[in-house]
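Following: one structure in structure tokens, then a few remarks.
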Amino acid sequence: MLKTISMTHSRSRTRRIAVIGAPVLQAQSLFNAALINYATRQGNWKFVFSTEVSLQTLRFLRRLDCDGALIRVISPAIAREAKKLSFPLVNFSSWLANPQVPTVRCDNSMMGQLAAQHLLKKGFRRFGVVLSKGGWFIHPRHQSFLEAVESAGFAANVSTFQLRSHPADAADLKRFREWVGKLEAPVGLFLTNDDPDAPALLEACRDAGKKIPQDIAVITSHGHPEICRACQPPLTYVDQNEEGVALEAAKFLDRLMSGEANAARTIIVPTGDVVALGSTDTVALEDREVAHAVEFIRSHIAEPINIKDVAQHFSIARRTLERRFRAALKISLHDFQTGERIARAQDLLRAKPALTFAEIARRCGFVSASRLNLVFRRVNGTSPAAWRERNLSA
């Protein structure tokens, strides 16, 4: 079904733009918001939206009086039908390696590279990759991830799993549970696509006895914020920069409608950054005793526990734990615990409505607001009050 949205002013002739395959029913679509912002600036664009990408939709589109189209080309048949249109078009999909029509898409290779770098910085040395059943975009993401891991010297430590259905069916999930259950912890898991498999795959990891992120940290390359934040725990993702793709696609189409040669060239838009959420909120440690100590400290951050308490909890000599901690993390246990408390304090200083310093101190395991102030100044060189004022006004 086609839906019309007008952004028309009287200063010039109205241009009718078809948008085929964008998620118009998604309340917070960054792609559509960017398109509408661009159209508002142009002042003479009127959109005709359709979520359905099909041969029937494109054949119907050929009968409409349009000036241009933005189309998610997802198959050779769709590409052939799109080329029959009598007006300029731009494809904004990565499903085909060479769609043979003007194309704007995100940098899929950059997605895999950023995912690998994120896990490597967390200290991971073993990796799993889940290949979705999907379009061409899976391959550059996978290849760049492997290249980044190989350049770090861990090419032999990668295990790969191929999903056979889309979305993953019961048989796929059973195979995945068996595969992930055999991975040696700690391991970093890279999902080449998250929609709609991510929630089920995270659940399958837990069913296989793997704690997320302590045993297996998970990152996806194609993050829809709504899906990723709804996962348990929230799923770290690479921001695919939907706004950038939409803006470049709109600009490209504008040039084509203004007479630029209709060359079947591809514009690559850089991705955004990694959005780090709970599924990778860990440090990969081969020493599992130290890993458990890290988990214990983080889960008891609001309690005024000390090094002796941590050692007693794990029935290990304090000096032994401190030695192993420093060997694993290149930092003392005391400094690690202090860093975690200050990081938590910084999160709470950003809270709205503002919390009292006494409440922040209590939630971070400090005995008083004055103790929080003293340690915070030592670490950050400024008071909690000054830090809050500077960061909330930035």
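The values are calculated or read from the model by the stated rules, or taken from the named source; none is laboratory data. Since the model is a prediction, treat every value here as computed from it, not as a measurement. As a convention, Cβ positions derive from the backbone with ideal geometry for all residues, glycine included, and neighbour counts pool all protein chains shown.
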Among the residues of the range 264-291, the number that are part of a helix (DSSP H, G or I) and crowded, with 16+ Cβ neighbours inside 10 Å is 5
Can you name every residue in the range 383-394 that is loosely packed, with under 13 Cβ neighbours inside 10 Å and free of Cβ contacts under 8 Å to residues at least 40 places away in the same chain?
385, 390, 393, 394
Do we have any residue at all in the range 119-128 that's in contact (Cβ under 8 Å) with a residue 40 or more places away in the chain, more than 20 Å from residue 144 (Cβ to Cβ) and buried (at least 21 other Cβ atoms within 10 Å of the Cβ)?
no
Hey, residue 201 assigned to a helix (DSSP H, G or I) and under 22 Å from the mean Cα position of the chain (by Cα) or not:
yes
Of all residues in the range 310-367 being in contact with a helix residue (DSSP H, G or I) (Cβ under 9 Å, 6 or more places away or on another chain), polar (S, T, N, Q) and more than 13 Å from residue 294 (Cα to Cα), the one that is surrounded by the fewest Cβ atoms within 10 Å (Cβ to Cβ):
356
For the range 135-169, what are the residues that are in contact (Cβ under 8 Å) with a residue 40 or more places away in the chain and part of a loop (DSSP other than H, G, I, E, B)?
135, 136, 137
Among 272, 259, the single one that is within 30 Å of residue 86 (Cα to Cα), modelled with pLDDT under 95 and of a type outside the set (D, E, K, R) is 259
Residue 315 meets each of (1) at positive phi; (2) assigned to a helix (DSSP H, G or I) with one exception, condition (2)
Residue count, the range 47-62 (criterion: more than 17 Å from residue 246 (Cβ to Cβ) and under 33 Å from the mean Cα position of the chain (by Cα)):
5
What pairs can you find where one residue is in the range 193-208 and farther than 10 Å from residue 173 by Cα and modelled with pLDDT of 95 or more, the other is part of a helix (DSSP H, G or I) and of a type in the set (D, E, K, R), and their Cβ atoms are less than 9 Å apart, with a gap of 6+ or different chains?
207/177; 208/177; 208/178
Just checking, which of 163, 131, 146, 189 is at pLDDT 90 or above, touching a strand residue (DSSP E or B) at 6+ places or on another chain (Cβ under 8 Å), within 14 Å of residue 218 (Cβ to Cβ) and assigned by TED's automatic domain parsing to the domain that holds residue 218?
189
Criterion violated by residue 296 - all others in (1) more than 31 Å from the chain's Cα centre (by Cα); (2) closer than 30 Å to residue 198 by Cα satisfied:
(1)
Checking residue 229 against (1) at pLDDT 90 or above; (2) under 23 Å from residue 33 (Cα atoms); (3) surrounded by fewer than 19 Cβ atoms within 10 Å (Cβ to Cβ); (4) out of contact with any helix residue (DSSP H, G or I) (no Cβ under 7 Å at 6 or more places or on another chain), which single condition isn't satisfied?
(1)
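Residue-by-condition table, conditions (1) among the β-branched types (Val, Ile, Thr); (2) closer than 21 Å to residue 285 by Cα; (3) touching a helix residue (DSSP H, G or I) at 6+ places or on another chain (Cβ under 7 Å):
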site	(1), (2), (3)
147	no, no, no
157	no, yes, no
167	no, no, no
187	yes, yes, no
192	yes, no, yes
208	no, yes, yes
